[in-house]
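Written below as structure tokens is the structure these notes are about.
Please treat every number below as a calculation from the coordinates, not as lab data. These figures come from a predicted structure and were not determined experimentally. Here Cβ is always computed from backbone atoms with ideal geometry, including for glycine, and neighbour counts include all displayed protein chains.
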Amino acid sequence: MPARFCLLGNRWLICPIFILLAVCLPAAPASPPHAIVTLIAEQRSIQPRHKFWAGLHFQLEKHWHIYWINPGDSGEPPRVAWDLPQGFRAGPIAWPAPHRLENPPLVDYGYEDDVLLMAPLDPPSRLSAGHTAELRATVKWLICSNICVPEQKQVALSLPIEDDPPENDSRWRQLFDQARAQMPRRMPSGWSATALSEAGHFILSVKTGTQESAAAFFPLAPLQIENAAPQQVTLGSGAVRLTLQKSDQLLKPIAFLKGVLILGDRKAIAINAPVASRGNSGKSLSERKRRQ
Amino acid sequence: MNSAMKHASVLMGLTLGALLAAPSVWAARVGNPAPDFNATDSTGKVQKLSEYRGKYVVLEWHNRECPYTHKHYVSGNMQKLQRDWTSKGVIWFTVISSAPGQQGYMTAAEENAYVEKMQASPTAVLLDPAGALGHLYAAKTTPQMLIINPQGILIYDGAIDSKPTTEVEDIASAENYVNLALKEAMAGEQVKIPVTRPYGCSVKYAH
């Protein structure tokens with residue numbers, strides 16, 4: 001908490017006196033980072049041609065946050081520029097389900113405390129066992145509390161190349177397990193998602209066959225729904241329905257409503273719901289009625 | 001924020017005579033008439049939007065300590081846009097909606113000194129510490145940019161350019177949406193990109 005006030009900038013020091021000298025003065029020219037970021041790998045070695053998972057582990061200062069791939073009303077998601085040995089390829093970040101960050105009158109989507117951003121790395125087949133691979137990346141992120149600070153770090157990790165199947169690195173098992181548990185899953189078979197476009201709203205209906213205790217939708221694209229508007233949720237037996245206020249800036253119809261639905265105790269489901277308009281699709285109207 | 005709250009804060013913050021005439025003015029939406037306002041600038045003058053009917057008006061939401069705003073000022077990009085367009089007769093209002101005690105809040109004297117130091121050339125800087133103008137236009141970020149055409153219609157609402165980063169190096173390769181929209185509109189064309197996500201820091205409204 002003290003740091004939060006002190007880091008508002010040189011001009012605005014409202015630090016309690018007792019920490020003024022200890023924290024504010026040395027911190028003024030170059031603030032310490034608000035996040036510790038390290039590069040880790042799920043396994044202890046690299047086997048040629050075998051894809052593996054690396055992760056950027058963000059440990060955030062209390063009350064500070066970073067952003068999801070759709071950051072919501074403000075902010076920017078972290079970016080990573082890999083610098084890998086020849087022949088290695090990196091896949092995109094697998095984004096864990098975000099949290100709704102209330103910042104009235106705005107709402108952002110992101111992470112607090114601790115998050116692992118996983119990315120798949122694909123080593124080439126021609127690698128010599130006995131050597132070491134140097135994995136490097138430049139990571140840039142925006143971190144915010146009531147103010148925002150851009151930060152960056154060069155991270156690196158050396159892993160031996162071995163022909164044998166690698167062992168998992170037990171130090172990081174829990175982090176990777178937790179990150180996977182937060183990953184949006186494909187819709188289970190038997191489920192379906194459809195959306196109806198009304199004057200000021202989308203009505204997202206998801207047939208689940210389950211009784212859920214809570215539901216919240218996180219849009220993947222900006223400017224489709226009003227992030228800060230409350231979501232009206234109906235939890236029926238076997239179905240979930242959400243009324244989502246359209247963004248004031250949505251000028252054209254959309255074909256699909258994409259995002260993540262978080263149910264109950266943070267069960268995250270990837271949603272790609274075709275959007276029908278009232279009046280041009282009797283089918284989705286009748287479907288909607290059936291679910292009510 | 002619901003419309004009742006929005007209404008209330010607007011009432012608190014601005015002198016609103018004309019504004020209350022039609023309920024539709026609450027929605028600042030591209031394609032609709034831009035809501036009128038009276039706001040006091042950093043020289044103490046009251047600026048009324050409707051007095052500039054017949055001219056293009058740019059609204060630039062501003063917080064000098066926001067790293068995204070900083071990028072466009074330290075590079076001189078924002079000042080160049082201001083010079084280029086005001087020299088063509090465009091009215092340019094920089095708007096500061098930071099509440100007292102929040103990042104980016106400026107007194108009139110502080111702001112005038114900043115404008116001089118940075119060689120900025122907006123038509124005026126509107127001081128909006130109660131956030132009334134910000135809420136009226138649903139301004140979310142700094143630097144969010146809006147453009148109003150000579151008929152008083154909002155024709156652009158969104159980001160300053162296509163690269164939502166804090167890095168100065170990105171400005172040169174970014175597509176500047178303000179230039180694009182003003183050029184198209186002045187050539188009598190449809191604005192091809194009328195709405196974008198307004199990247200940046202959240203506007204530091206009163207809590």
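Decide, for the protein assembly as shown, between rounded, prolate and oblate: order the square roots of the alpha carbon gyration tensor eigenvalues as a ≥ b ≥ c, take rounded if a/c falls under 1.5, and otherwise choose prolate if a/b is larger than b/c, else oblate.
oblate
At a Förster distance of 30 Å, what's the computed FRET efficiency of residue A:131 paired with residue B:75, Cβ-Cβ distance as r, to 0.05?
0.10
How would B:145, B:106, B:186 line up from fewest to most surrounding beta-carbon atoms within 10 angstrom?
Ranked by crowding around the Cβ, least crowded first: B:186, B:106, B:145.
Go through the stretch A:128-139 residue by residue and turn each phi into a ³J(HN,Hα) via Karplus (6.51, -1.76, 1.60, θ = phi - 60°); whole Hz please, and just put x for glycine and proline.
Karplus values, whole Hz, x for Gly and Pro: 8, 4, x, 8, 10, 9, 9, 9, 10, 7, 9, 10.
Starting from the stretch B:59-125, pick out the GluC sites (Glu not before Pro) whose DSSP state is loop and whose Cβ has at most 10 other Cβ atoms within 10 Å.
Within the stretch B:59-125, no GluC sites (Glu not before Pro) qualify (loop, at most 10 other Cβ atoms within 10 Å).
Provide a whole-number value for the mean count of partner chain Cβ atoms within 10 Å of the Cβ atoms in peptide A:146-156.
Per residue, the average neighbour count from other chains is 4.
First select every other residue whose beta carbon is under 13 angstrom from the beta carbon of residue A:66; then total the charges, Lys and Arg +1, Asp and Glu -1.
Charge balance near residue A:66 sits at -4.
Please return the longest stretch of chain B lacking exposed loop sites, where trypsin sites (Lys or Arg not before Pro) count only if DSSP places them in a loop and at most 11 other Cβ atoms lie within 10 Å.
It works out to B:89-191.
Scan around residue A:95 for amide H atoms under 5 Å from its own, H built in the peptide plane at 1.01 Å from N, and keep only partners 5 or more places away or cross-chain.
Counting only residues 5 or more places away or on other chains, the set is empty.
For a footprinting-style exposure proxy, rank A:217, A:52 by other Cβ within 10 Å, fewest first.
Placing the least packed residue first, the sequence is A:52, A:217.
Which trypsin sites (Lys or Arg not before Pro) does the stretch A:109-180 hold that lie in a coil by DSSP with at most 15 other beta carbons within 10 Å?
Answer by residue number: A:126.
Please give the FRET efficiency for residue B:168 paired with residue A:237, using the beta carbon to beta carbon distance and R0 = 41 Å, rounded to the nearest 0.05.
That pair, residue B:168 with residue A:237, gives E of 0.15.
Taking the Cα centre of the stretch B:34-75 as the origin, how large is its charge dipole in debye, to the nearest 20, when only Lys and Arg (+1) and Asp and Glu (-1) carry charge on their Cβ atoms?
With only Lys, Arg, Asp and Glu charged at Cβ, the dipole is about 100 debye.
Of the beta bridges DSSP finds with both residues in chain B, what % are antiparallel, to the nearest 5?
Approximately 60 percent, going by the DSSP bridge assignments.
Go through the stretch A:145-158 residue by residue and turn each phi into a ³J(HN,Hα) via Karplus (6.51, -1.76, 1.60, θ = phi - 60°); whole Hz please, and just put x for glycine and proline.
Per-residue couplings from phi come out as 10, 8, 10, 10, 9, x, 10, 8, 7, 8, 10, 8, 8, 9 Hz.
Got a sec? How would A:141, B:85 order by Cβ neighbour count within 10 Å, fewest to most?
Least crowded to most crowded, the residues run B:85, A:141.
In terms of modelled amide H atoms, which long-range or inter-chain residues lie less than 5 Å from the amide H of residue A:221?
A:258
For residue A:266 and residue A:146, what does the FRET efficiency come to when R0 = 25 Å and r is the distance between their Cβ atoms, rounded to the nearest 0.05?
0.45
What is the set of long-range amide H partners of residue B:95 at a cut-off below 5 Å, with H atoms built 1.01 Å from backbone N?
HN-HN under 5 Å from residue B:95: B:60, B:61, B:62, B:126.
Would you be so kind as to identify which of B:162, B:91, B:70 lies farthest towards the positive end of the dipole of chain B, taking Lys and Arg as +1 and Asp and Glu as -1 on Cβ and the Cα centre as origin?
B:91
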